[in-house]
Amino acid sequence: MAEQPLYNQDATQVLSQLRTNGQTGLTQSEAAKRLNDDGPNQLKEAASTTLFQKFINQFKDFMIAILLVAAVVAAFTGELVDAIFILAIVIINAVFGVFQEAKAEDAINALKEMSTPNANVIRDGKEMSVKSTELVVGDLVRLEAGDIVPADLRFIESASLQIEEASLTGESVPVDKVATTLTDADLPLGDRKNLGFMNTNVTYGRGIGIVTSTGMATEIGHIAGMLESADETKTPLQENLIRLGRVLTYLILIIAAITFVVGLVRGKETIIDMLLTSISLAVAAIPEGLPAIVTITLALGTTRMAARNALIRKLPAVETLGSTDIIGSDKTGTLTQNKMTVEKVVVNAEIVDAPAVEDFSGTYGRLADILALNNDTKRTENGYVGDPTETALIAFNESHHRNIDQLFQEMPRLAEIPFDSERKLMSTVHPAPNSYIVTVKGAPDELLKRATKIEMAGEVVELSDDIRAKLLAINSELATQALRVLGFAYKTLDAVPEEMTSEVVESNLVFTGFVGLIDPERPEVARAVSEAKTAGIRSMMITGDHRDTAAAIAIRLGILDEKDKDTAVISGSDLDAMTEEAFAENVDKYSVYARVAPEHKVKIVRAWQKKGKVVAMTGDGVNDAPALKTADIGIAMGITGTEVSKGASDMVLADDNFATIVHAVEEGRKVFANIQKALQYLLASNLAEVISIFVMTLLGWNILAPIMILWINLVTDTLPAIALGVEPAQKDVMTQRPRGRGASFLSGGVGAAIIWQGILQAVIVLSVYGFALAYPVHAAEFEAHRDALTMSFMTLGLMQMFNAINVKSVYGSMFGPQAFQNKLFNWALLGSLVVMAAVVVIPALNPIFHVSHLDGYQWAIVLCAGISIIVIVEIVKLIQRKIFNKG
């Protein structure tokens, strides 16, 4: 026979089963024994990787593997300097990757430390505070408003206890908790009202519960254990680099093979010589600096994002943000302030904006007093604690400089009828001059049923049917504006009622007014939504709130147009009724998802991904974790997010703010643009090297040696390429459409630019070589060839660095306003030019690099040839702008 669920057992059975005392709790010795047996009350973390493992993982990249093979071949054939250079570049790249991964883990661990709560437990009959990780099964835990439920509990005492369980169930409305036994079997999680669940939040009341399970045995622990089955999506950056690596590999193999065969057919070179030539081609073709440049550019992007409250956990996520088409965002706390605020006040049957209320005499004063008196908010050192709605009522009073502490002293609470969900009212009794006053708050329609009079302009008059109808109409009007409406009334008595019943206390009331409350939108979000829209990014709201509330907030934020509120909003029940295929076909119709559970997010993500869109999705609950892993960019909340959601995410918002996502998208676009610039620069340079070596081989000329190619690549692929990674963003970066999942680093004219600029550089290099042979400075053939090779070597190196200026824009002129804003680039270019020239200028370095010392005439040719790349590219770009309206 199956064991009876805890919610179907009475408190005595539960206490007996868990071997604890309902009054004194466990003894300290028993608690210590259980902690030793069962382990700490925390979720199991994935096995951490050591620094060595992180280092080894950096070498799993496809292009890195190619470089390692090239290094081995170079070493095998005696080119030890080449092999050392290649290995050095690979190791530097790996160190950068390990450093960034460790930095991201440190940031997340810091957030974990901040979110570890304490728990108030009863042991040996005494109440004490312990770390939640030290709780054990059988502990008695005392909870009150503001606490986090530290483990799964069965309540044995409950006083108006309400717990918000959105992180587990997705339902944003707090659940009323009871201590009674539930009789229904197979209840869903949200209906187990005598149970509390780990990491949920107490919003109201107080209670005592017995710990029934800890750590991975809790409901949240069960879901955490299921996360391994969720699919992780490769980012567009990873897909791009994999495709690029494969294409380069095939091209390298083909060109090297052709060169090897042609050289042997010509019969002038030995097999070893042609093998070395093929290695030179491979070294020239592989952009060995690219992995390091990409890593550095991404790492710098993460640093800038961290300064704007976006913590990146996985480096490729930086670039992926730049390709985002869709942002699916939770409403509460991300789009809104997660702080209820009084927005409208209704007195004398008229609506007034809350900030405009200044005069608190007469009826306004009466209403303000009731707001404060009929309220369970508690003042602490860290502010107010209690139900968000009640806290907002106190804040409204204080924002108008009312002395509510004096009010509490003069009119203390003598009796009360707590709020319950059936009658939807709460009442309190307080002393007043020569009498007693009953204050009542609750649902406006319920309150108006019990009111017979109304206070208007400081006078109490009969509540007529016309005024009642007008007030109900106002209630409906405020509700359509996404406001939560509360009504307030009072009556005076000669004595405190002996029987505090609803019939006695909550009848013949004097209606005072309404207040309309809302969790207001963050002031910066509307602008961020507009900016995202301009950038071609669609923002969606996903919430557990009612569809009317969700639609009203979405309209205020610009996510939804007023005319679309009936067609662009879909509820969770409607979503359940649709198949994945049907929803995927119609997903672009919806901008607002109301009354949805976190598990619906996976369906939403997959529907957009089927349309080829790059999706960013926010989440804070445990049930959000599968969606965060499925999305191209999973974004967890740093403040309200659970540890499970943070662990499944690519990015953590330190401020839980939607605007931060849009800032991160802007940074991601900048990162992609800068990687494109570096890629264009590197591949155009490498293409020039490959063509030059290939043609030199065909013509029987002396070819550029591997050490020459490595030196050019080391000098040009490091500082200038890194400096391109910190180029300032173009002014129009957030007015361009998303590039889409299918776009690559070679899109947007970059691929074509690489080809024609690479060919152009090769033509200039070969022309310099041919000119130097035709008009030699030295008569001896060996010296003439050595001069020609040196001049072409220097021309290739200098020209590549000058071309770094050109690649700042595919079509724009280098003489634009941003041309020389990047001071790091300016110094990097100057430094690289000096280092490049040093191998020829300094005689001691000439034999190492197989070069000769050039005279002034030869240097003039080299400099003119190098600078010519700027002149020619500027002319071509001008023609492109005129003909194709580019730039």
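Computed from the coordinates by the stated procedures, all read-outs in this text should not be read as laboratory data. This is a predicted model, so every value here is computed, not measured. FYI the Cβ positions are ideal-geometry reconstructions off the backbone, even for glycines, and counts take in every protein chain you see.
When each of the peptides 390-401, 778-789, 651-662 is scored by the mean number of other C-beta atoms lying within 10 Å of its residues, the order from highest to lowest reads 651-662, 390-401, 778-789.
Taking the three principal axes of the alpha carbon atoms in region 550-696, the coordinate ranges are 70, 35, 28 Å, sorted in descending order.
Among 516-527, 145-156, 598-609, the peptide with the highest mean count of other Cβ atoms within 10 Å heads the list, and the full ranking is 145-156, 598-609, 516-527. Residues whose amide H falls under 5 Å from that of ILE156, counting only those 5 or more places apart or on a different chain, are ILE208, GLY209, ILE210, with hydrogens built in the peptide plane. Of the residues LYS54, LYS823, LYS611, the one with the fewest other Cβ atoms within 10 Å heads the list, and the complete ranking is LYS823, LYS611, LYS54.
DSSP beta bridges confined to the chain are antiparallel in about 75 percent of cases. In plain terms, the residue of HIS430, HIS663 with the fewest other Cβ atoms within 10 Å comes first and the most crowded comes last, giving HIS663, HIS430. Within the chain, the whole DSSP H helices whose Cα atoms reach 30 Å or more along their own axis and whose mean Kyte-Doolittle score is at least 1.6 are 750-774. Local charge for HIS778 was computed over the other residues whose Cβ lies under 15 Å away, with Lys and Arg +1 and Asp and Glu -1, and equals -3.
With the highest mean first, a sort of the peptides 342-353, 833-844 on other beta-carbon atoms found within 10 angstrom per residue produces 342-353, 833-844. How large is Rg/Rh for the chain, to two decimals, with Cα atoms and a Kirkwood Rh? A ratio of 1.12.
Distance distribution P(r), region 349-515, all Cα-Cα pairs, bin width 10 angstrom from 0: 10, 40, 39, 11, 0 percent. Where q = 0.17, 0.20 Å⁻¹, what log10 of I(q)/I(0) comes from the Debye formula for region 474-548, counting one point per Cα? For region 474-548, the Cα-only Debye profile gives -0.86, -1.00.
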